[in-house]
Amino acid sequence: MPLPPVRNRRADARRSKAAILDAAVRILDVQPDAGMEAIATAAGVTRQTVYAHFRSREQLLLAVVDRIADEIVAAMDAADLHAGPAADALLRLLDAGKQAAHRYPVLLQKISTLPVSPQIDHDRHTSVADRIRLVIQRGQQAGEFDDRLPPDWLVTVIVKLAHSASEEQEAGRMSSQEAEHALRTSVLRMLGAAAGEDSPSWPRGSACGGTRQYGR
């Protein structure tokens, strides 16, 4: 029997790979130690097919990271980063990224323990960093943000602050509201953004004048 045309085989391979990644995201977020057999079953393919696309479980996990990163970037793009004041756009971006990432809390925690090279870790954040940089540059050009610090430095610090806020919340040292307030306030102050209690940029439920309006 003749083989299907090359175009059809490639299309089948793409569908198979997408099904495997979809299944991996679903299964691993519930069972982070699930094996390739369980993922293959959920994807409706054989174990051999999974290994044909991903030589190891670690390689599959890294591909899952890329899939989640694509979702996060898409959520950020949907936040309309070119509209309104730059401070508002940046906070929308951070919130969109957080909401997208929090769909997979167990999976991301597991992936964070994988050893990766500094270059891979850098590349993993490139798309997110590009969007943060775009908003920062817009704010600096418009006079909304302090322009005495280089955008690349500010991007690096914002990414680190976002990770720190998430870690504090996961460790139970801060509530979700406290972590969000700390992140937003720190970012806006670092950028020199003028944000007051009545500004759309100001974190909702924030503390004003040192008065706590929420607790753990």
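Selection within segment 71-102: residues that are of a type in the set (Asp, Glu) and either within 16 Å of Glu180 (Cβ to Cβ) or touching a Ser or Thr at 6+ places or on another chain (Cβ under 8 Å) (or both). The member of this set that is surrounded by the most Cβ atoms within 10 Å (Cβ to Cβ) is Asp88.
You will find that of Ala75, Ala69, Ala34, the residue that is farther than 30 Å from Leu90 by Cβ and either of a type outside the set (Asp, Glu) or out of contact with any helix residue (DSSP H, G or I) (no Cβ under 9 Å at 6 or more places or on another chain) (or both) is Ala34 and no other. Considering segment 184-216, and only residues there that are among the aliphatic types (A, V, I, L, M) and in contact with a Ser or Thr (Cβ under 8 Å, 6 or more places away or on another chain), the residue that is modelled with the highest pLDDT turns out to be Leu188. Here segment 122-132 is the region considered, the condition is being exposed (fewer than 13 other Cβ atoms within 10 Å of the Cβ) and modelled with pLDDT of 65 or more, and the residue that is farthest from Leu94 (Cα to Cα) is Thr126.
The combined condition, being modelled with pLDDT under 90 and either part of a helix (DSSP H, G or I) or closer than 30 Å to Gly143 by Cα (or both), is not fulfilled by Arg103.
All conditions but one from (1) at pLDDT below 85; (2) open to solvent by less than 40 Å² (accessible area, probe 1.4 Å); (3) within 30 Å of Pro151 (Cβ to Cβ) apply to Pro32; the one that does not is (3). Residues of segment 50-70 that are of a type in the set (D, E, K, R) and either open to solvent by less than 80 Å² (accessible area, probe 1.4 Å) or under 12 Å from Val25 (Cβ atoms) (or both): Arg57, Asp66, Arg67, Asp70.
The values are calculated or read from the model by the stated rules, or taken from the named source; none is laboratory data. This structure is a prediction, so every number in the text was calculated from the model and none was measured. When we count neighbours, we look across all protein chains shown, and the Cβ atoms used for this are built from the backbone with ideal geometry, even at glycine. Keep in mind that these areas ignore ligands, DNA and RNA; they rest on the heavy atoms of the full protein, side chains included. Shrake-Rupley method; radii C 1.70, N 1.55, O 1.52, S 1.80 Å.
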